[in-house]
Amino acid sequence: MNRKRIGIMGGTFDPIHNGHLLAADEACRAFDLSEVIFIPAGHPPHKDEKHISSAEQRYEMTLLATNGVSYFSVSKIEILREGATRTVDTLKELKATTAYENADFYFITGVDAIMSIGTWKSPEELVKLCKFVVTNRYGYSFDLLKKLPEYIQDAITTLEMPYIDISSTEIRERIENGEGVRFLLPHAVESFIWKHALYRN
Ligand code: ATP
Ligand code: MG
């Protein structure tokens, strides 16, 4: 039986933007994935929670951004779990569900994010649960990957995508400063941000 090829796009998504969406879409085509599951982090261990929007709001923005794309879905798995978000636990939980028991997982991440893998829980176990698709990110060369332990490098395939110099941090800062963000993220997400007065402090 053919195994399913499933992409996983994890992130804080505060807010989700066009860089996330393009990375997922490019990975889909390059690796012939049947689906990309966007998984908003519940309690990101590497981010100060005082400064992030509620999990429910980040989940809703992710739903709005992916709505209408048949091969994109959103999972609440990390939001529903108590405690810090650990990718290894998420992948184990997904693999245990009938829908994904015959799936190979492709974890999509930018170079910036994979470089912190040393601080993630059980990277040795993680590389057995998924392959990594690492996309270029403005300001982070693929050369950096050579600094990672060999067993992690072996699990990585790089993927060139058009450089999208957008970060959630920049979007939050622009909104705080009253600047426009119109073409950096989907319109429905921008409307949600205005409606709920996010990032105004
Ligand atoms: P923040 O500025 O708050 O850190 P971010 O834009 O980096 O936000 P995250 O939610 O931290 O977004 O990132 C989730 C994943 O998406 C990471 O793997 C990150 O590398 C990737 N990613 C984010 N922005 C881009 C982009 N513009 N191009 C390619 N990959 C991106
Ligand atoms: Mg980031």
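Each value in this text was obtained by applying a stated rule to the coordinates, not by laboratory testing. Given the structure is predicted, the values throughout are model-derived calculations rather than measurements. Cβ: placed from backbone, ideal geometry, glycine included. Neighbour counts: every protein chain shown.
Odds and ends about this structure:
- Spin-label model, ASN177 to ASN201: label points 7 Å out along the Cα-to-beta-carbon direction sit 1.2 nm apart.
- Whole-angstrom gap from the range 60-77 to the range 127-201, using each part's C-alpha centre: 17 Å
- Value of [θ]222 nm, deg cm²/dmol, for the chain, DSSP H segments ≥ 4, -39500 (n - 2.57) each, nearest 500: -9500 deg cm²/dmol
- With a Förster radius of 22 Å applied to the beta-carbon distance between ASP32 and THR98, the computed FRET efficiency rounds to 0.45.
- Taking every alpha-carbon pair under 8 Å whose residues sit at least 6 apart, the range 48-170 reaches a relative contact order of 20 percent.
- Here the extension length gained between SER191 and GLN153 equals 9.7 nm, from 0.36 nm per residue of separation less the Cα-Cα distance.
- For the range 4-165, fraction of C-alpha pairs farther apart than 27 Å, in %: 17 percent
- Counted residue by residue at 0.36 nm each, then reduced by the alpha carbon distance between them, the extension gain from HIS43 to LYS76 reaches 10.7 nm.
- Charge dipole (Cα centre; +1 on Lys/Arg Cβ, -1 on Asp/Glu Cβ; no other charges) of the range 129-174 amounts to roughly 100 debye.
- Under a model in which nothing but the beta-carbon of Lys, Arg (+1) and Asp, Glu (-1) is charged, the range 4-165 shows a dipole of about 160 debye around its Cα centre.
- Added length on full extension, which subtracts the Cα-Cα distance from 0.36 nm per residue, ARG5 to LYS131: 44.3 nm
- Dipole-positive endmost among SER75, THR158, SER53 within the chain (Cβ charges, Cα centre): SER75
- Loop-located GluC sites (Glu not before Pro) in the range 170-201 whose Cβ has at most 13 other Cβ within 10 Å (DSSP): GLU179
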